[in-house]
Amino acid sequence: MIGIFDSGVGGMTVARAVEQLCPGFPLIYLGDLARTPYGSKSPAMITEYSHRNTEFLLRQGAKLIVIACNSAASTASGFLRSHYSQSIIDVIFPAVAKAAAVSKNGRIGVIGTRATINSGLYEQRLQDARPECRVYSQACPLLVPLVEEGWMERRETKMIVKKYLHPLRDKQIDTLILGCTHYPLLKKIIAPRIGRKVHIIDSSVEVALHLKQLLDTDAELRAALYAPDTPNRFFVSDIPSPVHALAGKIFGRTVLLEKIDV
Ligand code: DGL
C-alpha cells in the first residue's frame, strides 16, 4: 500500500492524481482533520503530528509514505526520513525539479502556507537545483480556510488571491509553484491573476508523476506495492460537515471517509 497523509483534504488532490497515474497500486489516505490546519502551527507540533500520521499508515501496511502536505514536508520530512527506513517522498522535491527545468528566465514564485514559506525549504532546494535562479515567496494564510469553506469561486476569494499575487507579478516571474495541496482547487482563479503566460506547477501532480516514475523504474518497489484487488481507503481524524462535499469535488465521486483516532 502507498500511504499518503495530509493535514486534511488538500492532500486528496495528491491521492486523486496517484489514483489516476498509478492504477493497480492501492493507497491508504490519512487526513488529520482533527488537527488541521498545520500551516499555522509550530514546526515542533507539525513534526509530532506527522510522526503520528506516519505511524498510523505504517500500522495499516503502508510500504511507502507520501507526505502530501507542503507544511508537513517542509518542516518534518528530515525527521521522518531519519526515523524510518521506508521510502518517504514529499511534495516539494518533484515540484522544485519541474520548476527548475521549465523556467526560462529563472524567476520563480512560490506560494504556500506560513509554515511552508517560513521554512525556506523551497528556496533552498530551488537554489540547489538551479543556483542562478531568483525565488520569490509569498505566504497566503487565508487561502486554505477559503478553500475549506468551499469559497473557490467567490468574489472575495478572487480579490484576496489578486492581492497575494500582486508582489509576484511585479517580479516578472515566469513560473509559479503552488506550494500547498489546497491550491490546485484555486488554479482557475490563480492563472488569470498571475498572468496566462506564467507556467503554473501543481505540486500534487508533480509528486504523483514522480511516484509513477519510481514505480516504472524500481521493480522491487513495484512488486511490493502492486495489489490490483485491494481497494483504496480514506481515513480522517474528524469529519467536519463540509468535508464530504470537498472530497466529492476533488475525486468527482462520493468517497467513503473512515473516522479514526491518531
Ligand atoms: N495541505 C496543507 C499544505 O499543503 C495546507 C493546509 C494546512 O495548513 O494544514 O501545506
- Share of accessible surface on carbon and sulfur in the range 9-94, whole %, 1.4 Å probe and ligands ignored, is 54
- Query: Heavy-atom accessible area per residue, the chain, 1.4 Å probe: how many Å²?
  - Reply: 44
- Could you pull out every residue, at least 5 positions away or on a different chain, whose amide H is within less than 5 Å of the one on Leu33? Hs are placed 1.01 Å off N in the peptide plane, and Pro or chain starts have none. Ser237, Asp238
- Item | Magnitude of the charge dipole, the range 116-262, Cβ model with Lys/Arg +1 and Asp/Glu -1, debye to 20 | 900
- Can you give the Rg to Rh ratio of the range 149-254, both from alpha-carbon atoms, with Rh computed by the Kirkwood formula? 1.06
- Message: Compute, for the chain, the length of the dipole vector about the Cα centre, with Cβ point charges of +1 (Lys, Arg) and -1 (Asp, Glu) only. Units Debye, rounded to 20.
- Response: 1060
- Query: Where Lys and Arg each count +1 and Asp and Glu each count -1, what net charge lies around Leu186 among other residues with Cβ under 15 Å from its Cβ?
  - Reply: +4
- Would you mind checking the pairs Lys41/Lys98; Lys171/Lys249; Lys104/Lys158; Lys188/Lys249 and listing those with alpha carbons more than 26 angstrom apart? Lys41/Lys98; Lys171/Lys249; Lys104/Lys158
- Item | All Cα pairs of the range 44-152, percent lying beyond 18 Å | 55
- Over all Cα pairs of the chain, the Kirkwood radius sets Rh, and Rg/Rh then becomes 0.95
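The values are calculated or read from the model by the stated rules, or taken from the named source; none is laboratory data. Remember, predicted model here, so these are calculated numbers, not experimental data. Here the Cβ is made from the backbone with ideal geometry for all residues, glycine too, and neighbour counts use every protein chain on show. In case anyone asks, the SASA skips ligands and DNA or RNA and just uses the protein heavy atoms, side chains included. Shrake-Rupley method; radii C 1.70, N 1.55, O 1.52, S 1.80 Å.
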